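A.B. asks: Could you have a look at this structure, given as structure tokens, before my questions?
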Amino acid sequence: EPLINFVTLSFSEKAIREYFSEIKNLNTYFHHSRQISKVASLLSKKAKKDRKTQEFVSIAGLLHDIGRLIIMLAEDKKSFELAGNSIESLLEIVKSEHDITGMNHCIIGSMICKKWQLSELLQRTILYHHTPLEDGVHSEAGIIFFSHFITFEEVSDMMLATTLPQNKIIEMG
């Protein structure tokens, strides 16, 4: 399994750099993705997840926003904002994506992972990384979701409370 994860990761970064080379702030994407990857790995380790899960969420963290790159190319917005540094900027980016394409980067990212024949678990993790409690509980997506909050400059209890419905928080515990 570690070898499969390594090959997936190597392919993914190479493919991203090749397919999306026109995007001006591609390094911003990689910086954000690496931050999420590292935090997700640490969170899963602290949650005493097995090594396979830790490696998986690390890879999912690197690929979670791949749909943003697709939207940028489709709309010829080569300098489009890639990552928010607050919950407000993140929500604004997602709203803008929906206005442009009729869907968000989570759906598109899941679709590209399917096209690349990456695992169904990775497809679901990317699909639900902003909504880990939608249509069930997606714990790997939840790790990616919470990793965002840790990387944001300002996170309040109120932000978390309004983002996650109370009845679902108990299910995750």
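A.B. asks: As a quick test, which of the pairs K45/K95; K24/K95; K45/K114; K24/K46 have an alpha carbon distance above 29 angstrom in this structure?
C.D. replies: Numbers: K45/K95 32 Å; K24/K95 22 Å; K45/K114 27 Å; K24/K46 36 Å.
Where the Cα-Cα span goes over 29 Å, the pairs concerned are K45/K95; K24/K46.
A.B. asks: Just add up the charged neighbours of I16: K/R +1, D/E -1, any other residue whose Cβ is under 14 Å from the Cβ of I16.
C.D. replies: Details: positive: K14, R17, R34, R68, K115; negative: E13, E18, E22, D65.
Overall, the nearby charge balance is +1.
A.B. asks: Summing Lys, Arg as +1 and Asp, Glu as -1, what charge do residues with Cβ under 15 Å from the Cβ of M111 carry, M111 excluded? Write down the numbers at each step before the final one.
C.D. replies: Values: positive: R68, K114, K115, R124; negative: D65, E97, E120.
For residues surrounding M111, the net value is +1.
A.B. asks: OK, next. Net charge near R34: determine it from the other residues with C-beta under 12 Å of the C-beta of R34, scoring Lys and Arg +1 and Asp and Glu -1.
C.D. replies: Values: positive: K38; negative: E13, D65.
Spelling it out: positives minus negatives among the neighbours equals -1.
Throughout, read-outs are computed from the coordinates displayed, never taken from laboratory work. In this text, all values refer to a predicted model and were calculated from it rather than measured experimentally. As a convention, Cβ positions derive from the backbone with ideal geometry for all residues, glycine included, and neighbour counts pool all protein chains shown.
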